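Report on the structure given below.
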Amino acid sequence: MRAVLTAEGAFKVVTWKETPPNSETSAASRDFYRRADRAALMIYLSVEPTIRTVISSLPENEIDDPARAWERLRQKYKSASQISGRNHTFNQFHTSTMKPGTSVAEYISCLLAIRQELAGTEEAISDTTVVCHLLRTIPESFAITVGVLKNKLRRRKP
């Protein structure tokens, strides 16, 4: 990604080594914002949908800022290389619950994003663990659906 951003003349924008020109109407300013917009799009499209939630969770006034997105991704995924960061993320998974007003799809996406962060580490989370956690933490209003799913899972076991 760094090589692509550099080729587009946008890596310095993403790393805050280049800031917008003072004049918002100048050709230099238009060029800066064009490169910034392209960088934001490239960063967003280059990550998996489960990781896009990290970028989408930025405040409204920062969501299109490639430097903020780059920094947020760096902070989040740098922690996966350290045991304390992995333990925190692992604990975050096991204590997560579906919040009121959140759709099931959003909740599952959140769980999968946490799982993705730990992929390839000693704390990796299996498919079975995700399903069990989901079935255990989904709200009571989904009791019938959960019951059907649990019944199907029991039948699949040899």
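Numbers for the structure displayed
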quantity	calculated
Surrounding net charge for LYS12, when Lys and Arg each add one and Asp and Glu each subtract one, Cβ distance under 10 Å	+1
Principal-axis tilt of helix 83-95 within the chain, Cα atoms, nearest 10 degrees	50 degrees
Translational diffusion coefficient (Stokes-Einstein; Kirkwood radius from C-alpha pairs) of the stretch 2-78 at 10 °C, 1.306 mPa s, in µm²/s	125 µm²/s
Of the GluC sites (Glu not before Pro) in the stretch 1-40, those whose Cβ has at most 13 other Cβ within 10 Å and which sit in DSSP loop	GLU24
Total formal charge among the other residues, if their Cβ is under 13 angstrom from that of MET98, Lys/Arg +1 and Asp/Glu -1	0
On Cα atoms only, tilt of 143-156 relative to the major axis of the chain in degrees	70 degrees
The chain: angle of helix 27-46 to the longest principal axis, Cα-based, in degrees nearest 10	20 degrees
Residues VAL131 and SER57, FRET efficiency given R0 of 25 Å [Cβ-Cβ distance, rounded to 0.05]	0.55
Too-long pairs where the Cα-Cα distance tops 30 Å, listed order kept, from LYS12/LYS99; LYS12/LYS76; LYS76/LYS150; LYS17/LYS99	LYS12/LYS99; LYS76/LYS150; LYS17/LYS99
Radius 14 Å from Cβ of ARG35, net charge of other residues (Lys, Arg +1; Asp, Glu -1)	-1
Compactness of the chain - radius of gyration and Dmax, Cα, Å	20.2, 70
For the stretch 107-158 and the stretch 1-24, distance of Cα centres in Å	41 Å
For the chain, built as a Gaussian network whose Cα springs stay under 10 Å, the top-fluctuating residue of THR15, THR137, THR102	THR102
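Read-outs throughout are calculated quantities, based only on the coordinates presented, and are distinct from any laboratory measurement. Predicted, not measured: the structure shown is a model, and the values here were computed from it. Cβ: placed from backbone, ideal geometry, glycine included. Neighbour counts: every protein chain shown.
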